[in-house]
1. Relative contact order for the chain: what is it in percent, counting Cα pairs under 8 Å that are at least 6 residues apart?
2. Considering the Cα trace of the chain, what is its radius of gyration and what is Dmax, both in angstroms?
3. Could you work out the Rg to Rh ratio of the range 103-143, with Rh taken as the Kirkwood radius (inverse of the mean 1/r over all Cα pairs)?
4. Within the P(r) computed for the range 182-298, what percentage of the Cα pairs occupies the region above 18 Å?
5. Choose one answer from 151, 234, 271: the residue with the largest mean-square fluctuation in a GNM of the chain with alpha-carbon springs under 10 Å.
6. Cβ neighbours within 10 Å, averaged per peptide: list 158-165, 86-93 in order, most packed at the top.
7. Beta carbons within 10 angstrom, averaged per residue: use that to sort the peptides 241-249, 273-281, highest first.
8. Between rounded, prolate and oblate, where does the range 231-274 land on the alpha carbon gyration tensor, with a ≥ b ≥ c its root eigenvalues, rounded for a/c under 1.5, else prolate if a/b exceeds b/c?
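What follows is calculated from the coordinates using simple rules that are stated; it is not laboratory data. Remember, predicted model here, so these are calculated numbers, not experimental data. Neighbour counts run over all protein chains shown; Cβ positions are idealised from the backbone, glycine included.
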Ligand code: SAM
Ligand code: DTB
Ligand code: SF4
């Protein structure tokens with residue numbers, strides 16, 4: 001807990017949120033919501049520290065799935081050139097660079113429905129090599145069965161990212177090739193294997209406020225809160241079905257972070273995709289609302305991120321320091 005906190009609210013960790021309560025949180029006056037989120041944040045974290053994760057796409061494009069937001073689906077005509085699984089040495093050299101730049105976690109993504117046995121062996125080698133650099137490891141490889149999750153754990157994987165992305169009822173408007181239940185089963189397999197869970201969603205896909213509330217309700221009512229909760233703003237990629245969707249009201253993004261912070265008080269809430277389109281003031285509001293993690297590095301998976309130089313300046317101006325590796 002942050003020792004200097006003046007506002008000593010001690011929120012209870014709850015797993016019984018009702019949809020109406022969550023919707024009410026979302027609809028509070030903006031300043032009341034931010035105040036509540038900041039009090040919760042200060043009860044558990046140093047409010048001036050942000051954790052940095054760097055992303056690398058280790059297998060690009062040609063994914064069989066039809067997630068409407070994704071540049072890497074084989075079904076949409078985007079500018080992405082597909083590439084096979086990267087070699088271990090190339091991943092290690094990118095991880096070294098990320099560490100030298102101050103990242104504490106290296107998150108590796110693959111455009112797969114689920115990992116195939118042949119490539120899975122190489123993935124295990126990649127985890128061992130990145131872990132040996134003293135970085136936390138995170139992977140996002142699609143659906144996993146119980147055995148795959150156990151093998152990832154044994155190789156040294158710290159976190160697995162698998163997002164629910166939106167509410168269960170809106171999910172069928174976004175993906176048809178796998179179900180919400182499939183996502184929940186993978187999350188359960190990851191939890192059983194004792195890997196930390198990174199699970200969040202995307203805002204701005206045309207969903208309603210109730211869908212956002214339902215997503216956060218599902219996350220907070222899991223038996224254990226995800227240790228990491230990425231809140232992505234949709235990056236509208238040309239060629240995907242969501243390319244022309246209406247841009248999210250920036251305050252809605254801030255509200256979503258604040259509600260996530262209140263509902264999951266001890267989780268790391270990550271200000272994720274979308275920062276390249278946000279100004280500094282909006283990002284500061286997101287941190288004020290309780291975000292305490294972000295993706296750091298010039299690229300997300302296939303799209304651009306805020307530049308590292310700009311992020312350094314922003315942290316200086318706000319008096320934010322990055323959380324150091326232990
Ligand atoms: N194939 C794996 C899967 O679907 O879980 C891993 C990679 S997938 C690209 C990881 C996550 O990135 C998605 O669940 C989604 O939340 C996020 N994402 C992908 N494209 C995005 C976009 N255009 N805007 C915002 N978030 C995006
Ligand atoms: C997450 O929630 N966001 C990251 C990470 N987990 C894998 C991915 C964002 C991707 C944004 C679009 C792209 O670069 O392709
Ligand atoms: Fe993109 Fe992952 Fe969906 Fe494949 S499964 S289309 S990589 S989000």
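1. After rounding, I find 24 percent.
2. Reported Rg and Dmax, both Å: 18.6, 54.
3. Result: Rg/Rh = 0.99.
4. Value for the range 182-298 (Cα pairs over 18 Å): 51 percent.
5. Ranking 151, 234, 271 by mean-square fluctuation puts 151 first.
6. Top of the packing list down: 158-165, 86-93.
7. 273-281, 241-249
8. prolate
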